[in-house]
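A.B. asks: Pasting a structure below so you can have a look.
Coordinate-derived values only; no laboratory data. Note that this is a predicted model, so its numbers are computed, not measured. FYI the Cβ positions are ideal-geometry reconstructions off the backbone, even for glycines, and counts take in every protein chain you see.
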Amino acid sequence: MEMKDEVARLESVKERLSQGGGPEAIKKQRAAGKLTAWERMELLFDPGTFQELDLMAKSFRTGFEIDSKETPEMQ
């Protein structure tokens with residue numbers, strides 16, 4: 001695989017993962033009158049200053065509801 005193909009693949013993964021829980025979760029946030037985490041960060045930080053770290057990391061056992069949810073894959 002060429003480097004440009006791998007970069008394109010990773011950009012695609014990044015875009016998908018930045019959607020959080022997906023369209024249904026975003027719709028649920030909107031229905032509750034809330035912003036998504038990404039939208040809140042955009043309001044909190046100056047443009048271009050926030051750098052996401054570990055976007056592709058998986059959660060570990062927390063004892064909270066997230067333990068039973070499937071995290072997005074990097075495929």
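A.B. asks: Determine, for the chain, the count of lysine pairs separated by eight or more sequence positions (or lying on different chains) whose alpha-carbon distance falls under 17 Å.
C.D. replies: Details: 4/14; 14/58; 28/69; 58/69.
So the count of such lysine pairs works out to 4.
A.B. asks: Next up: Under a Cβ-only charge scheme (Lys and Arg +1, Asp and Glu -1), can you give me the dipole magnitude of the chain about the Cα centre, in debye to the nearest 20?
C.D. replies: Values: 12 positive and 15 negative charges, 80 e Å.
Its charge dipole is roughly 380 debye.
A.B. asks: Right, next: By the gyration tensor of its Cα atoms, with a ≥ b ≥ c the square roots of the eigenvalues, what is the shape of the chain: rounded for a/c under 1.5, prolate for a/b over b/c, or oblate? Mind showing how you got there, number by number?
C.D. replies: Values: a/c = 1.80, a/b = 1.25, b/c = 1.44.
It comes out oblate by the Cα gyration axes.
A.B. asks: How high is the relative contact order of the chain, given as a whole-number percent (alpha carbon pairs under 8 Å, six or more residues apart)? Mind dumping the intermediate values first?
C.D. replies: Details: 22 pairs, mean separation 23.2, N = 75.
31 percent.
A.B. asks: Using just the helices of the chain, give the 222 nm mean residue ellipticity in deg cm²/dmol: DSSP H runs with n ≥ 4 each add -39,500 (n - 2.57), and the total is spread over all residues, rounded to 500. Provide the component values of the computation, followed by the final result.
C.D. replies: Numbers: 3 runs with 32 residues, N = 75.
The helix contribution divided over the chain gives -13000 deg cm²/dmol.
A.B. asks: Next question, about the same structure. Excluding residue 34 itself, what net charge comes from residues whose Cβ is under 12 Å from its Cβ, given Lys and Arg +1 and Asp and Glu -1? Don't skip to the answer; put the middle values down first.
C.D. replies: Values: positive: 27, 28, 30, 40; negative: 39.
Taking every other residue near residue 34 into account, the sum is +3.
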